[in-house]
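Readers should treat all values here as calculations from the given coordinates under stated rules, not as data from a laboratory. Just so we're clear, the structure is a prediction, and the values are computed from it rather than from any experiment. With ideal geometry, Cβ positions are generated from the backbone for all residues, glycine too; neighbour counts draw on all protein chains shown.
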Amino acid sequence: MMKKTIFICALLVSFNFLAQSTVTTNLGDFTTLKVYNGIEVELIKSNEQKLEITGKKSEMVKVKNVDNTLKLSLPFSLKPENNAANGQVLIKLYYNSNIAIIDANEGSTITGKEITQDKLEVNAQERAFINLVVNTKHLDVRTSSGGIIKLSGKTKNQDVNVDLYGIYNGFALKATANSTVFSGTGAKAEILAGETLNAKVSFGGSIFYKGNPEVVKDKKVIGGIIQKRD
């Protein structure tokens, strides 16, 4: 009886190990990253380009790199539970050249540190989440339909557009020159402003800013909040 129990335990451990196996994929060049289906991605600056995929659904991940756009997703399934990662897909993305556009969709998560480059565009929608530490000269931020973007570090200029209940947490990102910010329906933007702040809200959007910009231009269309925070 004890031998049978030990055998069953060993079998379960082996099955769990296989379920948690790592899939490694080498990558070609890409400048745009798009992530879907609740997949979690960690960006790691490296001297090579590859993916390390772990989790119970690691072997289900679809990797597509066409026209310099890398897409990470799960294939469509008639079983609803297979259309979302649900914490069962973790990807470490090693990259050796600048990623111009980082785009998160469908509840996915993208995190990264030490992203240093002249220009960067960051997009989150459909309840996706992005958390990055950046050092740029020009930064474009776009979030909508419940997407959340959290940035820290510094930039010279930033152009922010949040709409449809999107959220931008940017109090930890210092913009030394100009911040142009729009906040639409139910959305919220938090800004650490530099020399100039151009702020516009509509349909209940809100913009909260810190810092002491020399020039503040604000416009409200059909409601909204533009407010300085200490």
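Measuring r between the beta carbons of K217 and E114 and using R0 = 35 Å, the FRET efficiency lands at 0.60. DSSP beta bridges fully contained in the chain are about 15 percent antiparallel.
When only Cα pairs below 8 angstrom with a gap of at least 6 residues are kept, segment 103-223 shows a relative contact order of 16 percent. Dimensions of the chain along the principal axes, based on C-alpha atoms and rounded to the nearest Å, stand at 77, 37, 34, largest first. Here the peptides 181-188, 57-64 are ranked by packing, the mean other Cβ count within 10 Å, and the order with the highest first is 181-188, 57-64.
Against the chain, whose longest principal axis is taken from its Cα atoms, helix 2-19 shows a tilt of about 40°. With r as the distance between the Cβ atoms of T54 and L164 and R0 = 45 Å, compute the FRET efficiency 1/(1 + (r/R0)^6) and round to 0.05. Result of the calculation: an efficiency of 0.85. Ranked by the mean number of other Cβ atoms within 10 Å per residue, highest first, peptides 172-179, 68-75 order as 172-179, 68-75. Taking every alpha-carbon pair under 8 Å whose residues sit at least 6 apart, segment 31-170 reaches a relative contact order of 23 percent.
Per-residue ellipticity at 222 nm, computed for the chain from helices alone with -39500 (n - 2.57) per DSSP H run of at least four residues, works out to -2500 deg cm²/dmol. Computed extension length for K62-T31: 9.4 nm, one decimal, from 0.36 nm per residue of separation with the Cα-Cα distance subtracted. Each peptide in 22-28, 35-41 was scored by the mean count of other Cβ atoms within 10 Å over its residues; highest first, the order is 35-41, 22-28. Counting every C-alpha pair in segment 103-223, the share spaced more than 22 angstrom apart comes to 26%.
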